[in-house]
Amino acid sequence: MSEQAGDAEDLGGGWSLLVSRTFWAGYGVALAVMGTRLPLWSWPPQGGQIAELAFCAVVFAALAQPYVGRPVLASMHFHDLAVVHRNTLLPGAFVVLVACEKPPAWAAGVDALLLAGYLVLTDALTVPPHVRKRIASPAFLLALVAAVAGATALLSLNATDGTYRPVLVAAAAAAALGAALATAFGRAEERRVGSRGTESRNQDRSSE
Amino acid sequence: MTRPTPGSATGSALTSATGSAANPSSAANPGSALGSTAKPPPPTVWRPSQRAIRLLTAAICALVPAVAFGAWWCVPLAAVPLLMLTAHGGAHPKRVRAEVEVPERRLFEGEILTATIRLAADGPAGWTRQEYLAPRTRDDHDFGGAPAPSGVRLESMDLAGSEITVKLLIPRWGRWSLGAVAIDVHDTAGLRLTSLHADLGEVEAFPVPAPDDTTLVPVRFPDRFGEHSARTPGEGVEFIQVRPYVFGDRQRRINWSATSRRRELQVNTFESERAAEAVVVVDALSDLPQPPDPENPRPRSTLDTAVRGAAGLAQAYLTAHDRIGLVTLSGRVQWLTPGSGNAHLYRIAQTVMDLRKDFTYETGGLSRLPTRVLPRGALVYVFSPLLDPGVVEAISALADRGHPLVVIDVLGHEPPAGSGGSGAKPDHLDALALRLWRLDRQAVRFVLGELGVPVVSWDGLVPLDLALAPLRQAPLAGRAR
C-alpha cells in the first residue's frame, strides 16, 4: 500500500491513468489497429479485414492489462498460462502481426513507438519507483526514440540502395545474441558456481 | 504488492543461502551459517524475470522474420526491446537468505501472531515482491468448502528495509500450520529474479476457557486435603454436631455450653475438607459447525464448544485447588491423569491440540482406561453432541464403573429444515426427517436418563454456570456398583 502511494506520488496524475483498465484496453485496441494496418486499408474494407481487426482488438484489449502479481502458475492450462504471461504474449503477437506484411516506413516507426510505449508503461507499473527512475530516465527514453527514428530512417532509404541491409542484420543479430547472453542466462562464470565439478575446482583454487 | 529493497543500497556483506528459510536455530547466529561451516548452503539460482522474458520475446519475434524472411521493417521493432535489455546491466547478490523468527509460538485463540522474516544478501539487490501462502485447504464437505479449519488469516504484511513483518490472526484453537511467505528478489535492473520460500512453521493456539465458576462435587471424596466439605468427620471448619468426649479428643474441641447442659464432656465435630477429583471427557467423534456468535467472531463448532467448556471447567477446578483430568474420545483415546496447579491447565490444552488432526475412528476405549486416569468416585463430565452411538456406550461404561456423571450436550442447534441448506422451501420429507432426528435425540436422552445420568444442554453462548446451576442443589452420586 505504501509503495502504491509512493508510485502515485511519483507519477502524479499518470498513476490514475496507469491503473485504469480502460486505458490499457484502449492501448491494446491501438496496437490492434496498427497491427492490422487499418490506416492503410483500401475502402471499402473486406469482411476478412474487419473480422481480423475485431478479433485482434478484443484479444489485445484483454492481453494489454498489466499483470502485477508474482509469476506463479496455478496449472499448465492455456488459460492460466495466458493470464500470467499476457504481457509477454501481447508484444509477441503484435510484432508477428506487423511482420506479416510490409508497412510504409512511417507506419513501421509508429509501430515501434507503440511497442516502446507499451513496454515502458508496463515497466512503470511493475517496477518500483527507484528502479524506474534509473531504467526509464529521460535520457534513456530519448535514446530509445532516437534508435527508433534511426532504424525507421534506414528503412525509408531507397530500396535499390540495399548495401546497408547486411550491416543492419549483422548489428541486430549481434545485439540479440549479446542481450540473450547478458540478461537471460547471466554470466557463464556465475552459472557455474555451485555445480559439482566447478565447486571442487574453485576450492582447489582458493586453497592455493 | 510491495517492492522495497532488501539492503540494496548498502550492499553489505551478509551470509546467504537459498531455497528455503533458514531454521530458527541458525537465525540466532546468522554469521555462522556460512564461512566456517563445513557444508555451505547452495548458491542462489537466478532466472529471467517476466520483464526479461517480455523484452526477449519481443526482440526474437522481430528479429526472426527480419533475418530469416527479409522483413526489414521489423528492425525498428527489434531495436526497442534490445535497447531496453542491454542499456542497464543488472547486479544481484550471489546468495540471498531468509530467516524466519516467530517470537511466540503459543498463544490463545483470537490473538494475533507476529512473524519476522529477515532477508540477508551478500550484494546489492533490486527489489522484492512477497506473497503470503495460506496453509493448505482441507477437503471436508462438513465445513462447507471453508478454506482451512484453522482459519489462519493474514492481517498485514509489511516490508521495511530488509525485514518483512507478517501478522496473522489465529481465530481457532489447535496446532496449526502458519503457511509460508514466497519472496521474489529481483536484481537491480529487474531482469533476473530468485525465489525464496520462508516457512513460518506451526503454532499452538490454546482454547479460551468458557466462563465458569461452578465446580460440582461428588458425594464421596478421595482422601486428599482440599477445600470442599465432605460428609465425614474430620479437621475442617464446618460444624456437624456435638458428641460425648472420648479419650484422645483434643481439649480445644470441647463444647463447654453443651458440657454444662448435659453435665458430661461434649466435643464439637467438624466436617473434613477434601479435594474433589473430576475428569472431563471430550467427544471428538463428531464435529458439526454451529451458527456464529453475534458477539464473538470466533469460529464455532460442537468440538470448539466442548473444548472451550472443558477448559473453563478445568480452570474452575484448578482455581479451587481440585484435581482434574482429561479423556478425549477421537480416533484413539487419549488421557491425562488428574492433576492440579496452573501448569496442568496448559497440559490439558496441549492434550486437546491434536483432536482435529486425528481422523481415524475407534470406540470402546474407555473400558481399557487405567484406574489412575478415572479414579474411583471421580466426577466425570462428558462434553458431547450425542450424535455418535459410540458415545452412549462409553457413557454407559462410565456409569457402570460407579462414577457420578454429568453429560453436557453441546449441540445447541437443530439441523436446517431445508434441503441441504440450499434455501429451498422445506417439503414434507424434510419435516419428517427433522421429526425423526428429534425423536432420535429424545431416545438418546431417555437412555441416558434410564442410566441415571443428568443431561444438560449448553451451546457455548451463555456461561457454563447457568447450565450447571440445576445440579448444584446436591452432591452428585454415582450408581452403586
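Would you compute, for the Cα atoms of region B:278-412, the largest minus smallest coordinate along each principal axis and list the three values in descending order, in whole Å?
Extents along the principal axes: 41, 34, 24 Å.
Say R0 is 56 Å: what FRET efficiency, to the nearest 0.05, do B:Arg347 and B:Thr86 get from their beta-carbon distance? Provide the component values of the computation, followed by the final result.
On the way: r = 65 Å, r/R0 = 1.17.
Rounded to the nearest 0.05, the efficiency is 0.30.
Can you give the FRET efficiency to the nearest 0.05 for A:Leu73 and B:Arg153, using r as the Cβ-Cβ distance and R₀ = 30 Å?
Details: r = 25 Å, r/R0 = 0.83.
That pair, A:Leu73 with B:Arg153, gives E of 0.75.
Just to be sure I understand the model, the point goes 7 Å from the Cα along the line to the Cβ. What's the resulting A:Val33 to B:Glu104 distance in nm?
Result for the modelled spin labels: 6.1 nm.
Given labels modelled 7 Å from the Cα in the Cβ direction, how far is it in nm from A:Val58 to B:Asn296?
Roughly 5.4 nm, to one decimal.
Sorted by accessible area (1.4 Å probe), largest first, how do B:Ile254, A:Ile50 line up? Spell out each step's value before the answer.
On the way: B:Ile254 20, A:Ile50 85 Å².
Reading off the accessible areas and sorting them downward yields A:Ile50, B:Ile254.
Simple spin-label model, 7 Å along Cα-to-Cβ: B:Arg231 to B:Leu434 in nm?
If labels sit at B:Arg231 and B:Leu434, their model points lie 4.5 nm apart.
With r as the distance between the Cβ atoms of B:Glu111 and B:Leu369 and R0 = 22 Å, compute the FRET efficiency 1/(1 + (r/R0)^6) and round to 0.05. Please list the in-between numbers first.
On the way: r = 34 Å, r/R0 = 1.54.
After rounding to 0.05, the efficiency reads 0.05.
Would you please name the trypsin sites (Lys or Arg not before Pro) within region B:75-137 that are DSSP coil residues with at most 15 other C-beta atoms within 10 Å of their C-beta? Show your work: numbers first, answer last.
On the way: sites: B:Lys94, B:Arg95, B:Arg97, B:Arg105, B:Arg106, B:Arg118, B:Arg129, B:Arg136; in loops: B:Lys94, B:Arg95, B:Arg105, B:Arg136.
For trypsin sites (Lys or Arg not before Pro) across region B:75-137 that sit outside H, G, I, E and B with at most 15 neighbouring Cβ atoms in 10 Å, the list reads B:Lys94, B:Arg136.
So how much slack lies between B:Leu461 and B:Leu265, counting 0.36 nm per residue of separation and subtracting their Cα-Cα distance, in nm?
Details: separation 196, 0.36 × 196 = 70.56 nm, distance 5.66 nm.
This chain segment gains 64.9 nm when fully extended.
B:Glu202: accessible area at probe 1.4 Å, nearest 10 Å²?
Counting only protein heavy atoms, B:Glu202 exposes about 90 Å² to solvent.
Using alpha carbon centroids, what distance separates region A:90-104 and region B:287-361, in Å?
Centre-to-centre (Cα) distance: 68 Å.
As an exercise, identify the trypsin sites (Lys or Arg not before Pro) in region B:182-269 lying in DSSP coil whose Cβ has no more than 11 other Cβ atoms within 10 Å.
On the way: sites: B:Arg192, B:Arg220, B:Arg224, B:Arg231, B:Arg250, B:Arg252, B:Arg253, B:Arg261, B:Arg262, B:Arg263; in loops: B:Arg220, B:Arg224, B:Arg250, B:Arg263.
Taking region B:182-269 and a limit of 11 other Cβ atoms within 10 Å, the loop trypsin sites (Lys or Arg not before Pro) found are B:Arg250, B:Arg263.
The values are calculated or read from the model by the stated rules, or taken from the named source; none is laboratory data. Being a predicted model, the structure only gives us computed values, none of them experimental. Backbone-built Cβ (ideal geometry, glycine too); neighbour counts: all protein chains shown. Quick note on the areas: whole protein, heavy atoms, side chains included, nothing else; ligands and nucleic acids left out. Shrake-Rupley method; radii C 1.70, N 1.55, O 1.52, S 1.80 Å.
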